[in-house]
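Structure first, then comments.
The values are calculated or read from the model by the stated rules, or taken from the named source; none is laboratory data. Model, not experiment: these values are computed from the prediction. Neighbour counts run over all protein chains shown; Cβ positions are idealised from the backbone, glycine included.
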Amino acid sequence: MKTFEYKEKKDTRSGFGAGLFELGKKNENIVALCADLTGSLKMNEFADEFADRFYQCGIAEANMMGVAAGLTIGGKIPFAGTFANFATGRVYDQIRQSIAYSEKNVKICASHAGLTLGEDGATHQIMEDIGLMKMLPGMVVINPCDYNQTKAATIAIAEHEGPVYLRFGRPKVPNFTPEDQKFEIGKALLLTKGTDVTIAATGHLVWKSIEAAEKLEEKGISVELINIHTIKPLDQETILNSVSKTKAIVTAEEHLLNGGLGDSIAQLLSRKMPTPIEMVAVDDKFGESGKPGELLTKYGIDTNNIVSAVENVLKRK
């Protein structure tokens, strides 16, 4: 199995901030909006350097989405940032009506997603956001795995015409993807080739899946690992090519079981290639306060859970 190494751990929200600042230098049509969380979303550098293109909307997320939609009419490309819970659940009507239905070129940038928000607890740890956003017609949904990939994704979505939901997080995680990578929306990345089982992972669970694959390799199980950074549109070809060889798949995500990546892949396989599948995701629960790593373990979405899911799915081949 290919060995993955990293020099440091970095938070994906900082990757967003770095990508946004780079965009600001290149394109004067890039504007940024924030709902009183500039520091938390690492938007400070953009706000300081391009003050005339930064809009502090305050704790008024619904208004922020409306303003962002309006800015597109004048040819601007707005990046609207806040916590994932407030970027989706609190403002779903505005996103549906003013952005998705109206096909506005708004980039919804959502930080602090999932359980790894940690101590802020259940009221902030949204785990249903991917499901909410992927159900909206025309909405692209992206969930990168590390700092470098988040930076690349932020830059790439500016070139996409239409609404995008970009999801990232708070904790520092291994930064292992190439700094100079080209991010292609809708194109999954094959990280390792294998013959026994496919693991399709997204976001923070990509690194956990790498750890799981290493443990499984020690047990003589050959893993084909796919980094699904774009949940919608889903890279059907890469997934189907992989499971046609391995005949079994495990999905891994920091999201609810209902409505997430596993849900999308299960739908795909049921239509085109029925295959044994196990899903590592949170099963119909809200989160709670705690340290990120401990929460991943308690809610059944850590490295060992992925290993167990692979062992279970292999029994069903």
Next item on the list: Report whether or not Leu166 is under 18 Å from the mean Cα position of the chain (by Cα) and outside any loop (DSSP other than H, G, I, E, B).
Entry: yes
Next item on the list: Kindly list the number of the only condition in (1) in the same structural domain as Leu41 (by TED's automatic domain parsing); (2) without any contact (Cβ under 8 Å) to a residue 12 or more places away in the chain that fails for Lys151.
Entry: (2)
Check: Pick from Lys42, Lys10: which is surrounded by 15 or more Cβ atoms within 10 Å (Cβ to Cβ), assigned to a strand (DSSP E or B) and among the basic types (Lys, Arg)?
Finding: Lys10
Item checked: Unmet requirement for Ile95, which otherwise passes all of (1) closer than 20 Å to Thr230 by Cβ; (2) not in a helix (DSSP H, G or I) -> (2)
Margin query: Test of understanding: among Lys104, Lys2, which residue is in contact with a Ser or Thr (Cβ under 8 Å, 6 or more places away or on another chain), at negative phi and outside the structural domain of Ala152 (by TED's automatic domain parsing)?
Written below: Lys2
Margin query: Being among the aliphatic types (A, V, I, L, M) and touching a residue at least 40 places away in the same chain (Cβ under 8 Å): is that true of Ala156 here?
Written below: no
Notebook entry, point to check: Could you count how many residues in segment 191-217 are small (Gly, Ala, Ser) and outside any helix (DSSP H, G or I)?
Noted result: 4
Check: What number of residues within segment 44-65 satisfy the criterion of being more than 23 Å from Glu161 (Cβ to Cβ) and within 21 Å of the chain's Cα centre (by Cα)?
Finding: 1
Checklist line | Looking only at segment 218-260, and only at residues there that are in a helix (DSSP H, G or I) and without any contact (Cβ under 8 Å) to a residue 12 or more places away in the chain, the one that is farthest from Ala153 (Cα to Cα) | finding: Glu218
Check: From Lys172, Lys187, which residue is touching a Lys or Arg at 6+ places or on another chain (Cβ under 6 Å) and surrounded by fewer than 24 Cβ atoms within 10 Å (Cβ to Cβ)?
Finding: Lys172
Next item on the list: Those residues that are more than 21 Å from the chain's Cα centre (by Cα), crowded, with 22+ Cβ neighbours inside 10 Å and assigned to a loop (DSSP other than H, G, I, E, B), I need them from segment 269-317; list them, please.
Entry: Thr275
Item checked: Boolean, Ala80 is within 19 Å of Thr150 (Cβ to Cβ) and in contact with a Cys (Cβ under 7 Å, 6 or more places away or on another chain) -> yes
